[in-house]
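Some notes on the structure that comes next.
What follows draws every value from the coordinates through simple rules; no lab data is involved. On a predicted model such as this, the values are computed, not experimentally measured, just so you know. Counting neighbours? That spans all protein chains shown, and the Cβs are built from the backbone with ideal geometry, glycine included.
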Amino acid sequence: MTNKSKILIVDDDADTVELLTKRLRAEGYYTSEAYDGEQALRQVGEYQPDLIILDIKMPKIDGYEVCRRLKGSEDTKLIPIIMLTVKRKIPDKVKGLDVGADDYMPKPFDHRELSHRVRYWTAVKMEVEERVREIKRLEQELIKSERLAAIGQTVASLAHYIKNILFGLKGGVYLVNVASKENETDSLKTGREMIERNIGRISDLVLDLLEYSRERELEYENCFPNEIADEVCGLMEARAKEYGVEIIKDFDPSMREVLLDPRGIHRCLLNLVSNAIDACLFDSNKEKKWVVQVRTILQNDGTVRFEVSDNGCGMDEEVKKKLFTNFFSTKEGRGTGLGLLITQKVVQEHGGTITVDSQPGKGSTFTIRLPCTDVSTPGAMAKESHES
Amino acid sequence: MKRVLIVDDDIDVTTLVSKLVERAGYEAVVAKNGVQGMGKVREGKPDLIILDILMPKQSGVRMYRELKTDEPLKDIPVIMLSAIAPKSFFRSQKVLDEFAGQSVPEPEAYIEKPEEPEELVELMKRILG
């Protein structure tokens, strides 16, 4: 016998234990023993038996209770239990089966009957283990195939995006060729612009992909949220002006110094403000006076809130639903569709949330909420460390 | 002069295809999405539509079905021009046919981006004569 099963014998009667031990070892099984319920429960954990032969009447915890506990636990419920009943009493058998015993055997027992039942139940245990292994293997496979499907989808979207860039490059080259053959300066200019624009698209894509895929650890630093917001507004000022968009700053004066990753948050706000300006550009109502508002708010519960709103083109439900998906962009070929995804990733890594509120034709508001540790009042920190 | 409507959200596509259309001696009209596209179609029936599939607002799939189920518009020839593989497009059409319980005819031609500009010009000339 190669796969020897381990049997735990539980009985407060030492003679019964000895007899069973001899018999079962003679048949090639490993055995261990316990003389009361408490010891039995301990032994199950240590010995990890494949089968338990369990007496009912024992001091401290009786056999029924041992059985109930073992069958009620995820770790041990699959170990078969044969109950030993002293008399051939029907109520004993029924109660034994009620608490989850798999079989019962009357005492004194017949050797052939014992041998038969033990063989049967150890075989069942092996079969069950095999099934459990199989289920676990299938689960692993499912997780793996789901991950592959996700990768496949990303690759497909990426391929689609690159095909569009290739189209632009091919078209640009075609126009340049036509222009040089027929001396057409107009086509030459359009073609060259197309090539340049698509080279730009490739570099944007590569940068965004790197940013998105990089396992970047957040670098927490003490910083002032208002300063980050101010810096971003400063960076975007020139572009906003060029397109006739006004940036309004509305920073909470009670904002304090907090702990967060300033570069990550800088990137998020830059994405949002740049999107907000684009939303104004794509607005068909050219009469409007376009405004992008950047707000910071320190909430009572210590949450730092950033709001970037615009009165540009807004979004319908369909666009809103796709906002945080790979490579989705409404910017007529100018966006990679990764900006908001990167923003979401950074915000979530901070344990925060990003939400959007938008109405077509009226504008959008993106809100970032970050749970922040206040570092400006030493009292707060001291209290925290005292508590822990 | 025959009129060609180009519906695509990608500015490169509309720039290049307009150029091709004009060089072939036709008039080019541009729309950025399905909603705008249907608007242009109703303003004045074009002789040919070149239609992208993935666009914000209304997709090309929807616009195509709208065109092909509209009695006065369903005879306008349509060239699908998309980076989506034709296999995927035709499969989605079949599913939609079954779902809607009505079958819609296939487009005049299906071109997968990035295509050769000459190919599109040849095709346009063949359809418009």
May I have the pair-distance distribution P(r) for the range A:6-109, computed from all Cα-Cα distances with 5 Å bins from 0 and rounded to whole percent? 2, 14, 27, 28, 19, 9, 1
Degrees between helix B:34-43 axis and first principal axis of chain B (Cα, 0 to 90, nearest 10): 70 degrees
Enter the angle in degrees (range 0 to 90, nearest 10) between the Cα long axis of helix A:185-213 and the first principal axis of the Cα atoms of chain A, meaning the one along which they spread out most. 30 degrees
Which aspartates and glutamates have a Cα less than 17 Å from the Cα of B:Lys113, not counting those fewer than 8 places away in the same chain? A:Glu332, B:Asp8, B:Asp9, B:Asp10, B:Asp12, B:Asp52, B:Glu122
Which one of B:Ala83, A:Leu235, A:Thr16 has its Cα pushed farthest toward the positive end of the charge dipole of the protein assembly as shown, where Lys and Arg give +1 and Asp and Glu give -1 at the Cβ? A:Thr16
Could you state the number of Å between the C-alpha centres of the range A:25-90 and the range A:234-249? 77 Å
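Any idea what the dipole of the range A:146-213 comes to, in debye rounded to 20, about its Cα centre with Lys/Arg Cβ at +1 and Asp/Glu Cβ at -1? Walk me through the intermediate numbers first.
Numbers: 8 positive and 9 negative charges, 38 e Å.
For this selection, approximately 180 debye.
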Pull out a ≥ b ≥ c, the square roots of the eigenvalues of the alpha-carbon gyration tensor of the range A:171-230, then state rounded if a/c is under 1.5, prolate if not and a/b is larger than b/c, and oblate in the remaining case. oblate
If I build a Gaussian network model for chain A, linking alpha-carbon pairs within less than 10 angstrom, which residue out of A:Met126, A:Met255, A:Met315 has the largest mean-square fluctuation? A:Met126
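Suppose the chain between A:Leu209 and A:Asp316 were pulled fully straight at 0.36 nm per residue; how much longer would it get relative to their current alpha carbon spacing?
Numbers: separation 107, 0.36 × 107 = 38.52 nm, distance 2.68 nm.
Roughly 35.8 nm would be gained on extension.
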Starting from 0 in steps of 5 Å, tell me what percent of the Cα-Cα pairs of the range A:211-264 lands in each bin. 4, 16, 20, 17, 18, 14, 9, 2
Nothing charged except the Cβ atoms of Lys and Arg (+1) and of Asp and Glu (-1): what's the magnitude of the dipole of the range B:3-128 about its Cα centre? Round to the nearest 20 debye. 320 debye
Pull up the cross-link candidates among the lysines for A:Lys107, meaning alpha carbon to alpha carbon under 16 Å and not fewer than 8 places away within one chain. A:Lys57, A:Lys87, A:Lys89, A:Lys93
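Translational diffusion coefficient of the protein assembly as shown at 4 °C, 1.567 mPa s, Stokes-Einstein with Kirkwood Rh over Cα pairs, in µm²/s as a whole number.
On the way: Rh = 29.7 Å.
Calculated translational D: 44 µm²/s.
Ratio of the range B:3-128's C-alpha Rg to 2.2 N^0.38 Å, to two decimals?
It is 0.98.
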Would you mind ranking B:Val35, B:Val61, A:Val308 so that the residue whose beta carbon has the fewest other beta carbons within 10 Å leads the list? B:Val35, B:Val61, A:Val308
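So what is Rg over Rh here for the range A:221-379, counting just Cα atoms and using Kirkwood for Rh?
Details: Rg = 15.5 Å, Rh = 16.0 Å.
Dividing the radius of gyration by the Kirkwood radius yields 0.97.
Counting pairs of alpha carbon atoms under 8 Å apart in space and at least six apart in sequence, what relative contact order in percent does chain A give? Could the numbers behind the result be given before it?
Values: 578 pairs, mean separation 38.5, N = 388.
Relative CO of chain A lands at 10 percent.
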When the charge dipole of the range B:3-128 is computed with +1 on Lys and Arg Cβ and -1 on Asp and Glu Cβ about the Cα centre, the Cα farthest towards its positive end, among B:Gln36, B:Met124, B:Pro114, belongs to B:Gln36
Expressed in nanometres to one decimal, the distance between label points 7 Å along Cα→Cβ at A:Arg131 and A:Asp252 is 5.7 nm
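Set the bar at 21 Å for Cα to Cα. Now go through B:Lys19/B:Lys87; A:Lys249/A:Lys289; A:Lys163/A:Lys189; B:Lys32/B:Lys94; A:Lys189/B:Lys45 and name every pair that lies beyond it. Mind dumping the intermediate values first?
Working: B:Lys19/B:Lys87 29 Å; A:Lys249/A:Lys289 16 Å; A:Lys163/A:Lys189 23 Å; B:Lys32/B:Lys94 26 Å; A:Lys189/B:Lys45 32 Å.
Exceeds cut-off: B:Lys19/B:Lys87; A:Lys163/A:Lys189; B:Lys32/B:Lys94; A:Lys189/B:Lys45.
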Let me spell out the model: positive unit charges on the Cβ of Lys and Arg, negative unit charges on the Cβ of Asp and Glu, origin at the Cα centre of the range B:9-51. What dipole size does that give, in debye rounded to 20? 120 debye
To test your reading of the geometry: what angle, between 0 and 90 degrees and rounded to tens, separates the Cα axis of helix A:37-47 from the longest principal axis of chain A? 60 degrees
Pick from A:Lys144, A:Lys60, A:Lys136 the residue whose mean-square fluctuation is largest in a GNM of chain A, springs joining Cα atoms under 10 Å. A:Lys60
